[in-house]
Amino acid sequence: MNNLLADADICVKCGLCLPHCPTYTKTQNENESPRGRIALIQAWAGRHLETSKKLIEHIDNCLLCRSCERVCPAVVPYGRLVNNFREQIKEERDSTLSVSLLKSVSHNKTIAHLAQSGLRLYQTTRLQKTARLLRLPELFRLGNVDRLLPDYHEPTALAPHYPATTEARGNIGLFTGCMGSLLDHETVNAAIKVLTAAGFNVSVPVMQTCCGALDLHNGDNETFEQLAATNYKAFADNNLDAIVTIASGCGSQMQEYRQADFATKVVDISHFLIESGCNFNDQLTPLAASVCLHTPCSLKNVMREEQGALKLLKQIPEINIAPLPASVQCCGSAGSYMLDHPQMSLALLNDLLKAALDDQPEYLVSSNIGCALHISAGLREKGIALEVLHPIVLIARQLKVITQQPGE
Ligand code: SF4
Ligand code: SF4
């Protein structure tokens with residue numbers, strides 16, 4: 001309670017954050033704004049407001065995009081405030097079936113393997129088509145999960161180490177993320193290809209697990225701390241210069257782990273490559289295509305590493321990159337938000353798609369798998385064939401691998 005009050009009391013109620021808040025922009029309701037939510041938590045922590053369904057709803061409607069935190073002149077730790085509040089009232093909050101399923105798959109490797117086999121069966125036979133025709137996913141309250149599933153790709157088994165394919169310049173640990181490992185093998189493989197080509201020895205610790213963001217944002221600090229401790233152990237190798245992430249949702253969470261020696265090593269892959277001075281220019285084949293660049297909130301507002309993807313992609317000759325206009329706010333995916341707040345989530349997605357499609361791009365790139373899945377689902381539902389991929393995949397596809405010969 002004291003921590004909640006101390007954090008909430010930092011807010012000077014200036015309202016500068018309001019125009020940056022997606023839920024306030026959509027509703028024009030003060031209770032759906034950062035300032036309003038802080039005031040509600042302040043009143044509750046000061047015992048002037050009872051716990052109620054309405055109160056919980058207003059705080060739950062927050063996407064935790066942290067746009068408000070980025071622009072706040074008083075530096076209110078808004079993410080911490082909301083997470084702490086949710087922890088205090090966790091007994092009063094309900095979890096949906098979709099979110100529980102997502103947690104099981106992301107926390108337990110045996111369940112993840114079973115899910116992989118289940119997906120193979122579901123998506124490579126007529127099962128998915130038939131189930132959708134009969135509206136079975138909706139009937140079992142799993143429609144929000146089913147809509148996100150990309151086409152099935154057989155996973156490639158990962159080795160624990162990949163040596164640099166050019167002169168070695170450092171060692172990195174690759175955090176693949178639970179959803180990346182399950183649904184986005186192309187990004188994982190692309191990351192290994194590009195990092196080793198850039199001269200990094202890549203370790204992929206088998207013991208790594210979910211970053212814990214889902215748990216923290218749902219008020220389960222205990223599970224979050226357990227997962228953080230497992231990742232800390234998994235990446236304990238002192239020789240690692242960096243812990244590179246390919247999903248900014250995970251990266252932003254891991255940069256806030258209490259284990260500071262781990263947290264300070266976490267970095268987004270594109271930012272890492274640019275900061276390491278990697279220049280692939282003469283190794284990239286031209287791509288005369290227009291690319292819409294989506295910058296996830298987690299990369300922009302928490303990691304603050306949003307320039308990396310743009311600078312990296314610009315190295316591809318002939319590419320034409322159009323970042324989404326600043327007026328486009330959160331895409332609405334926000335971890336499990338897209339599963340339990342479909343209405344707001346889709347309203348925000350529609351704004352983004354309208355702006356993205358204006359320039360008729362041939363690709364849309366995003367550095368976070370949650371956003372990519374949500375945007376892809378929105379495009380599929382509109383019948384628009386636009387490939388959504390991680391920036392590192394585009395780099396890997398254009399990369400002519402030049403392997404150093406012995407003695408060179
Ligand atoms: S959160 Fe920050 S920007 Fe928003 S009202 Fe409070 S002090 Fe102002
Ligand atoms: S985190 Fe995002 S949705 Fe939540 S109050 Fe701040 S700006 Fe609004």
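Counting only DSSP beta bridges with both residues in the chain, what percent are antiparallel, rounded to the nearest 5?
Values: 3 of 25 bridges.
DSSP beta bridges in the chain are roughly 10 percent antiparallel.
If you take the Cα Rg of the range 211-326 and divide it by 2.2 N^0.38 Å, with N the number of residues, what do you get?
Numbers: Rg = 16.4 Å, N = 116, 2.2 N^0.38 = 13.4 Å.
This ratio for the range 211-326 stands at 1.23.
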Practice task
Work out the length of the dipole vector of the range 2-92 about its Cα centre, built from +1 on the beta-carbon of each Lys and Arg and -1 on the beta-carbon of each Asp and Glu, and round it to the nearest 20 debye.
Solution key: 200 debye
Handout entry: Debye log10 I(q)/I(0) for the range 281-398, one point scatterer per Cα, at q = 0.11, 0.14, 0.17, 0.23 Å⁻¹
Key = -0.34, -0.55, -0.81, -1.40
Fill in the blank from the handout: Once the in-chain neighbours fewer than 8 apart are removed, the lysines whose Cα is under 20 Å from residue 90 read 53, 54, 103
Practice task
Please report, in debye to the nearest 20, how large the charge dipole of the chain is about its Cα centre when each Lys and Arg carries +1 at its beta carbon and each Asp and Glu carries -1 there.
Solution key: 600 debye
Practice task
Can you tell me what the convex hull of the Cα atoms of the range 1-48 projects to on average, as an area in nm²?
Solution key: 3.2 nm²
Fill in the blank from the handout: Sequence order, the range 35-46: Karplus ³J(HN,Hα) from phi using 6.51 cos²θ - 1.76 cosθ + 1.60, θ = phi - 60°, Hz rounded, Gly and Pro as x, gives 4, x, 5, 4, 5, 5, 5, 4, 5, 5, 5, x
Fill in the blank from the handout: With x for Gly and Pro, the residue-by-residue ³J(HN,Hα) of the range 138-151, computed from phi through the Karplus equation 6.51 cos²θ - 1.76 cosθ + 1.60 at θ = phi - 60° and given in whole Hz, is 5, 4, 8, 6, 10, x, 5, 7, 4, 5, 7, 5, x, 4
Completion exercise
In terms of the charge dipole of the chain, which places +1 on Lys and Arg and -1 on Asp and Glu at the beta carbon, the residue among 396, 374, 125 farthest towards the positive end is 125
Fill in the blank from the handout: In this structure, among 265/314; 129/382; 109/382, pairs with alpha-carbon gaps over 23 Å are 265/314; 109/382
Practice task
Could you tell me the distance between the Cα centroids of the range 238-271 and the range 327-374, to the nearest Å?
Solution key: 24 Å
Fill in the blank from the handout: extent check for the range 2-92: Cα max minus min per principal axis, descending, whole Å, gives 31, 26, 20
Problem - For the range 24-62 and the range 82-137, distance of Cα centres in Å - result: 28 Å
Fill in the blank from the handout: Between the Cα axis of helix 97-107 and the main Cα principal axis of the chain, the angle (0 to 90°, nearest 10) is 50 degrees
Exercise for the section: Find which of 11, 82, 299 sits farthest along the positive direction of the dipole of the chain, computed with +1 on the beta-carbon of Lys and Arg, -1 on that of Asp and Glu, about the Cα centre. Expected result: 82
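Where in the range 19-59 are there GluC sites (Glu not before Pro) that are in a DSSP coil and have at most 13 other Cβ atoms within 10 angstrom of their Cβ? Walk me through the numbers before you get to the answer.
Numbers: sites: 30, 32, 50, 57; in loops: 50.
Taking the range 19-59 and a limit of 13 other Cβ atoms within 10 Å, the loop GluC sites (Glu not before Pro) found are 50.
Identify the trypsin sites (Lys or Arg not before Pro) of the range 363-399 meeting these criteria: DSSP loop state and at most 14 other C-beta atoms within 10 Å of the C-beta.
Working: sites: 380, 382, 397; in loops: 382.
Listed in order of number, the matching sites are 382.
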Practice task
Take the chain, drop everything but the C-alpha atoms, weight them equally and run the Debye formula without solvent; then report log10 I(q)/I(0) at 0.08 Å⁻¹ to two decimals.
Solution key: -0.43
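Every number in this text was worked out from the coordinates using simple rules, so none of it is lab data. Predicted, not measured: the structure shown is a model, and the values here were computed from it. Virtual Cβ from ideal backbone geometry, glycine too; neighbours counted across all protein chains shown.
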